[in-house]
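Trainee: Please find one structure pasted underneath; my questions will follow.
The values are calculated or read from the model by the stated rules, or taken from the named source; none is laboratory data. Note that the structure is predicted; figures quoted are calculated from it, not measured. Please note: Cβ atoms are built from the backbone with ideal geometry, for glycine as well, and neighbour counts cover all protein chains shown.
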Amino acid sequence: MNFAYADPPYYRQGKRLYGDHPEASVWDDKQGHFNLVRQLQDEYPDGWALSCNPADLVWLLPACGNVRVCAWTKTFHQIRPKCAVQYAWEPLIVAGGRLAPNRKPMVRDWMSCARSMRKGIIGAKPAAFHVWMLDLLAYNPASDTITDLFPGSNGLAEVLRTYEAHN
């Protein structure tokens, strides 16, 4: 099976956080995200996963079709002093994947771990997140491929090198 993972700059954060990147402003427009969802649907019919901001679910989910929203809750997160309710989770939208009934150990649609720190890339995901995402897709390292559309810190590539040991 052929899967993909996408962790693009979140809506309206492209130019602000990645201003020196030539495509940063694409992510400041909803259409850039809709185009990404269409690419995932067209090029990865076996399954895909997309990280996004919780606030964007209201407009992004209708474009995604038949998906599941999973939750990564952060045990350590950025504190925003002027924000009454803190952002301590991120959605992972998951489409497709291998059917794996009665899988042991089971995989939950949520996971909790600290965010990555000092990776050199804003928003880099920790190794535990990548293992969970691969498990949600029921990724098989012996026969499947997964494309990281936004490799940034190369966190997924590092996990893939040792993924069989996790299972």
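Trainee: I need the full set of residues from the range 39-74 which are of a type in the set (D, E, K, R) and without any contact (Cβ under 8 Å) to a residue 12 or more places away in the chain, in order please.
Mentor: Asp42
Trainee: Follow-up question, since we're still on this one. Can you name the helices (runs of 4 or more DSSP H) wholly within the range 6-118 that have at least 1 residues being at pLDDT below 85 and surrounded by 12 or more Cβ atoms within 10 Å (Cβ to Cβ)?
Mentor: Hits in the range 6-118: 14-18.
Trainee: Looking at Leu156, is it modelled with pLDDT of 85 or more, in contact with a Cys (Cβ under 8 Å, 6 or more places away or on another chain) and of a type outside the set (Phe, Trp, Tyr)?
Mentor: It is false that Leu156 is modelled with pLDDT of 85 or more, in contact with a Cys (Cβ under 8 Å, 6 or more places away or on another chain) and of a type outside the set (Phe, Trp, Tyr).
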